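Worksheet for the structure shown next.
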Amino acid sequence: MAPLEKSPFPPDSGFDFVGIKSLHDDIYPAIDVSKTANLQQPGKVVLITGAGRGIGRSMAIQYARANVATIIICARTTSELDEVESAVQKANASVRVRKEALSVTDGAAVKDLARRVGEEEGCLDILINNAGLSRPWEPIGDTDPEDYWQVLEVNLKGPLLLLHAFLPLLVKTAETHNSHVNVINVTSIGAVTVVPGGSSYALAKLALQRMSEFVGLEYGGKGVNVVGMHPGAVVTKLANEIKEIKDYLTDTPELCGGFVVWLSSQERGWLNGRYVSATWDVDALEGMKEDIVECDKLKVKLIV
Ligand SMILES: NC(=O)c1ccc[n+]([C@@H]2O[C@H](COP(=O)([O-])OP(=O)(O)OC[C@H]3O[C@@H](n4cnc5c(N)ncnc54)[C@H](OP(=O)(O)O)[C@@H]3O)[C@@H](O)[C@H]2O)c1
């Protein structure tokens, strides 16, 4: 894609936070484990929801390339989980794949999964709340409230259930390994922009972004590094269903896969509780660390 001259979003969306020339639409050496050896994460156990296709699928493949020990892939469609398992094993045959067919809105199933992961894996290093749902955009008065609420159930209640079930294991893992663990909540630039018709999705993602800040505050001192992350604008089943954004879907799924591997590759407590975008150049972002921390940037606040 030709480099952008100007952000298509307002400045407070953070679209070009690192500078318009420091945006990416595809994986690049600093986040590509085949080019940057210290992104390798042997031994780690990773759980990704919504890993049956799209962005979650790409994250699973990039973690396989980063040589993690086990990837737990969750979604409802078993045929898609089977396909991702094959793709992961093609990327790295030594990675163990656990397929878990469940809905993230099913509290009992999520709780049972956490119990089994605790008993059978003994740890969890990375939790990625990626499963998501959107609906065609409509003004609030034209929506079916049940459909509207379903978007909040999947995008907000789902991550809440996962966090509630897995935080004890995450904290225990950080303590036992004397290291950080990561929670990556996939939010969206839609969390920080207001576009007519998109309210159910935007509200869910905004609340998840704020929930990330709470988790950072409550669990940061226990070794849990959490971010809310915009994964880029990627052609996927979910994105294809929103006709208003079709022209903006210019990022590859590999970009986000590489970005999450970079995020968890080192302790980056300075990002705890904040919003990040997979499109931001990671070296440019690191270069802004002091300013981000001193001015407490990348959080949802009132302009006063
Ligand atoms: N694509 C973009 O441009 C974009 C931009 C910003 C944010 N995002 C976010 O990125 C994440 C991934 O979306 P995507 O674009 O990759 O969409 P996608 O290709 O449609 O994938 C969505 C995944 O979520 C799973 N899922 C949906 N409902 C579920 C439920 N109730 N329980 C368990 N799994 C469920 C789906 O599997 P099953 O249907 O089989 O369960 C699928 O694996 C979402 O959180 C989305 O909001 C995407």
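The values are calculated or read from the model by the stated rules, or taken from the named source; none is laboratory data. All values reported here derive from a predicted model rather than from experimental measurement. Cβ: placed from backbone, ideal geometry, glycine included. Neighbour counts: every protein chain shown. Side chains included, ligands, DNA and RNA excluded: accessible areas come from the protein's heavy atoms. Shrake-Rupley method; radii C 1.70, N 1.55, O 1.52, S 1.80 Å.
Before moving on, here are some points about what is shown:
- Selection status of Ser134, at pLDDT below 95 and assigned to a loop (DSSP other than H, G, I, E, B): no
- Which numbered condition Val195 fails, given (1) modelled with pLDDT of 95 or more; (2) surrounded by fewer than 16 Cβ atoms within 10 Å (Cβ to Cβ); (3) within 16 Å of the ligand (Cβ to nearest atom): (1)
- Annotation: of all residues in segment 131-152 being among the hydrophobic types (A, V, I, L, M, F, W, C) and in contact (Cβ under 8 Å) with a residue 60 or more places away in the chain, the one that is farthest from the ligand (Cβ to nearest atom) is Trp137.
- Test for Thr78: is it away from the ligand (no atom under 16 Å from the Cβ), over 20 Å from Lys205 (Cα atoms) and of a type in the set (S, T, N, Q): no
- Residues located in segment 164-204, provided they are touching a Ser or Thr at 6+ places or on another chain (Cβ under 7 Å) and not in a helix (DSSP H, G or I): Val181, Asn182, Asn185, Thr193
- Meeting the requirement of 3 or more residues that are closer than 18 Å to Asn185 by Cα, the strands (runs of 3 or more DSSP E) wholly within segment 52-129 are 70-75, 126-129.
- Which listed residue, of Thr49, Thr78, is closer than 28 Å to Leu162 by Cα, touching a strand residue (DSSP E or B) at 6+ places or on another chain (Cβ under 7 Å), surrounded by 21 or more Cβ atoms within 10 Å (Cβ to Cβ) and among the polar types (S, T, N, Q): Thr49
- Yes/no for Lys35 being in a helix (DSSP H, G or I) and either in contact with a Ser or Thr (Cβ under 6 Å, 6 or more places away or on another chain) or away from the ligand (no atom under 16 Å from the Cβ) (or both): no
- For segment 237-275, a residue qualifies if it is among the hydroxyl-bearing types (Ser, Thr, Tyr), more than 25 Å from Asn67 (Cβ to Cβ) and modelled with pLDDT of 95 or more, and exactly one does: Tyr275.
- Among residues of segment 233-247 that are under 15 Å from Ile189 (Cβ atoms), those with a beta-carbon under 6 Å from a residue that is of a type in the set (Asp, Glu) at least six positions away or on a different chain give the pairs Ala233/Asp251; Val234/Asp251.
- With respect to the conditions (1) over 17 Å from Leu302 (Cα atoms); (2) β-branched (Val, Ile, Thr); (3) in contact with a Lys or Arg (Cβ under 9 Å, 6 or more places away or on another chain), Val192 lacks only one, and its number is (1).
- Of the residues making up segment 252-274, those that are buried (at least 23 other Cβ atoms within 10 Å of the Cβ) and either among the small types (Gly, Ala, Ser) or farther than 29 Å from Gly43 by Cβ (or both) are Gly257, Gly258, Ser264, Gly273.
- Filtered residue count, segment 1-14, keeping only those that are part of a loop (DSSP other than H, G, I, E, B), in contact (Cβ under 8 Å) with a residue 60 or more places away in the chain and open to solvent by 40 Å² or more (accessible area, probe 1.4 Å): 4
- Any chance Thr70 is in contact (Cβ under 8 Å) with a residue 12 or more places away in the chain, surrounded by fewer than 16 Cβ atoms within 10 Å (Cβ to Cβ) and hydroxyl-bearing (Ser, Thr, Tyr): no
- Residue match in segment 237-245 (condition: aliphatic (A, V, I, L, M) and open to solvent by 20 Å² or more (accessible area, probe 1.4 Å)): yes
- Counting only residues that are of a type outside the set (Asp, Glu) and away from the ligand (no atom under 12 Å from the Cβ), segment 226-258 holds 4 of them.
- Flag for Arg116 being free of Cβ contacts under 8 Å to residues at least 24 places away in the same chain, open to solvent by less than 60 Å² (accessible area, probe 1.4 Å) and away from the ligand (no atom under 14 Å from the Cβ): yes
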